[in-house]
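Q: Quick one: this structure, given as structure tokens, is what I'll be asking you about.
No lab work stands behind these numbers, since they all come straight from the coordinates. Just so it is clear, the model here is predicted, and its values are computed rather than measured. All Cβ positions, even for glycine, are placed from backbone atoms using ideal geometry, and neighbour counts span all protein chains on display.
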DNA sequence: AAAGTTCATGGTAACGTTCCCACGAGCTTA
DNA sequence: TAAGCTCGTGGGAACGTTACCATGAACTTT
């Protein structure tokens, strides 16, 4: 026998039970100062007795604050975006705010639909990974918002939170140098992707700083898929390749594909070919060897995006573009062929 | 220069512009029948001109329907639950319903907090993977809800949607038999998990049907982690093991760990040891060899859960427990050692 | 032709809050 | 002691909808 959804207590029920007016109850609940101890006490008791819970719909209607935020990401099923969602969710929960989550599938039409849904739900603001390449829908959005992800680059004058690709590339190049791979091959994504240019620029800067001619680095490109990485690796292996054999891959899925190609060529990773990925997807932990990679701070991005959005909603000073640092995750796909390696290994044991 | 969030148009603005009463506007928007074509036309034009969008907060307040559903899952970062969320999201969007997503981290306290948040947001109902093992919070929830996942088993008298473990096990045992592994080893999860008993029962039923003594199957157990699977596989390899060497693993992470253990023992998968997983996590596609596994219908579960919930909210007849079928995903970790194998391979080429 | 029915519409009262103004009691200030 | 101030409180008026009842016109039935 279930307890049917019996009539919910309203603020008036609480007021009557406590013998005060609804104004007083509202003040107690809002934590307002001018309340006698006695009144507060009676209200609190009445709240407990009636099981009263504030109706957020009514609150939102009257105050204009729904206590809802929107999150529009390409696909919640993608582990990176799931991390972002999780971070946003946790941060929002701290302020008693709930998140409406939508997946756009990189489709501008779906994006527009979702933005409309958010407006109707009267969210207080939204965190968006923009897919539309013009600003029309977003301009029309008419609500506070923060962009996330690298596609936000298209809109330079907008608040955004993303990962620091330049720092990530530096991190990767540094570890490669340290392990004796001063001139790794590069495996890039498609030219259409914005992140590609940033990646390449950071590599060049690193090379210039270290007095390496960027032109000597073998370069291949493909799409951000396992199959793309497999094929690109095949091409790299078929071509001329001097120096230590290491590849810095701009995407973990591609890196995983590259690893498969290495095995298919009868070579071993990392003994024959070292691979460094970029993303930090969980699947990298389960390959053999585990994929050494640079992890994007997905959760942090979610957290900061919410904070940034709340600041904006509250009218607090805004921070412009925020780039969060990435982290190296070592798992075994990077061989150490530096001069220091044997000594280091000996000292380690 | 941004278009500030200028005053939103209300139903009254639309009514004035169309020269009708707000009742008429409301009727047009609700798709009510008794409307003259002329009035409908003018209202629609006025809606377009003002950019009017229904305020869901106000609608919810008046009608008692917020157009919001809650989804409480253990962790949106877990690929299975992300699939469920995605299915639910897509299905809900079709009915213009938005989803509030929460992660409970298998923590009863967090679960209770989230349920409270859902109640305050006045969601119309909730989809819950229950972690609390008593019904108190849920009983108190006082709203329509549907359980999902195997932990729903604890509450037999409740609407729920999950995967059909018995069917999945049958599928797995059948393919194992077909490939010449009539008596595989079993690798199970911890005794505390409900799914374990169901898994084991289904295996036994299969054995009885095929006249195999279930007792001859080697059995190991561990937790649902890569490391757990690695260790359990180590124990299996160390023990006595007759017959064809195949393992039916009750969880993909464990299966991936088992695969690592096989490699560490200097053996090959699938040539020396065949592995069949259960879950369908994406990482299984990137291991080497790819993990052949039985995929749970995560997205379908999300979809059906929403449908089931909407039915319940609308007072339509409810369906009790729903178990959705799983699917075999072949990727290469299962060798064919049956008598038919050579012929079959020859015919295939 | 009177009475009933349907249709298209308008007016108004909720829904549960918060916000604002008013008011009396007790206090401080001149 | 009169005027002003603060404190604690109560009483409405919104907020934007939908639900319900009322109304008059056109039509159908007896």
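Q: Cα gyration tensor of the protein assembly as shown, axes a ≥ b ≥ c as square roots of the eigenvalues: rounded (a/c below 1.5), prolate (a/b > b/c) or oblate?
A: oblate
Q: Take every DSSP beta bridge with both residues inside the protein assembly as shown and express the antiparallel ones as a percent of the total, to the nearest 5.
A: The answer is about 10 percent antiparallel.
Q: Label-point separation (nm) for residue A:36 and residue A:331, each offset 7 Å from Cα along Cα-to-Cβ?
A: For the pair residue A:36/residue A:331, the computed spacing is 6.6 nm.
Q: Just the projected area, averaged over all directions, of the convex hull on the alpha carbon atoms of chain B: how many nm²?
A: 25.9
Q: Would you mind pulling out the separation of the Cα centroids of segment A:78-110 and segment B:43-111, in Å?
A: Between the Cα centres of segment A:78-110 and segment B:43-111 lies a distance of 12 Å.
Q: Which of A:128, A:212, A:11 moves the most in a Gaussian network model of chain A with Cα springs under 10 Å?
A: In the Gaussian network model the winner is A:11.
Q: Separate question: Hey, in the GNM for chain B with a 10 angstrom Cα cutoff, which one of B:39, B:117, B:132 fluctuates hardest?
A: In the Gaussian network model the winner is B:39.
Q: In what sequence do B:288, B:106, A:81 fall when counting other Cβ within 10 Å, fewest first?
A: B:106, B:288, A:81
Q: Oh, and also: Okay, helix-only estimate at 222 nm for the protein assembly as shown: each DSSP H run of n ≥ 4 adds -39500 (n - 2.57), divide by all residues, round to 500 deg cm²/dmol; what do you get?
A: -13500 deg cm²/dmol
Q: Now a separate question. Considering Cα pairs under 8 angstrom that are at least six residues apart, work out the relative contact order of chain A and quote it in whole percent.
A: Worked out over chain A, it gives 17 percent.
Q: Tell me, what are the semi-axes, in whole angstrom and largest first, of the equivalent ellipsoid of segment A:180-303 as set by the roots of 5 times the Cα gyration tensor eigenvalues?
A: 20, 20, 14
Q: So how far, in whole Å, is the C-alpha centre of segment A:304-329 from the one of segment A:235-264?
A: 35
Q: Partner chain Cβ atoms within 10 Å, averaged over the residues of B:287-299 - can you pull that number for me?
A: Neighbouring Cβ atoms belonging to other protein chains average 1 per residue here.
Q: Take the alpha carbon atoms of segment B:146-161, find their center, do the same for segment B:182-220, and report the distance between the two centers in whole angstrom.
A: Measuring centre to centre over Cα atoms gives 23 Å.
Q: Taking 41 Å as R0, compute the FRET efficiency from the Cβ-Cβ separation of residue B:221 and residue A:96 and round it to 0.05.
A: 0.45
Q: Translational D (Stokes-Einstein, µm²/s) of segment A:11-54 at 25 °C and 0.890 mPa s when Rh comes from the Kirkwood sum over C-alpha pairs?
A: 249
Q: Can you give the extra length, in nm with one decimal, that the chain gains between residue A:63 and residue A:314 once fully stretched, where that is 0.36 nm per residue apart less the Cα-Cα distance?
A: Between residue A:63 and residue A:314, full extension yields 89.0 nm more.
Q: Related question: To one decimal place, what orientation-averaged projected area in nm² is obtained for the convex hull of the Cα set of segment A:126-220?
A: The directionally averaged projection comes out at 7.0 nm².
Q: In nm to one decimal, list the spacings between the residue B:65 label point and its equivalents in the other copies, with label points set 7 Å along Cα to Cβ, shortest first.
A: Output for residue B:65: 3.0 nm, nearest copy listed first.
Q: Using a label position 7 Å from Cα in the Cα→Cβ direction, what is the ascending list of nm distances from residue A:34 to the same site in the other copies?
A: 4.9
Q: Further question: Which value, in Å³ per residue, describes the convex hull spanned by the Cα atoms of segment A:234-349?
A: Dividing the Cα hull volume of segment A:234-349 by its residues yields 162 Å³.
Q: Once the principal axes of the Cα atoms of segment A:1-129 are found, what is the range along each, listed largest first in whole angstroms?
A: Dimensions of segment A:1-129 along the principal axes of its Cα atoms: 56, 43, 25 Å.
Q: In addition: Taking a point 7 Å out from Cα toward Cβ as the label site, list the nm distances between residue B:336 and the same residue in every other copy, smallest first.
A: Result for residue B:336, in nm, nearest copy first: 4.6.
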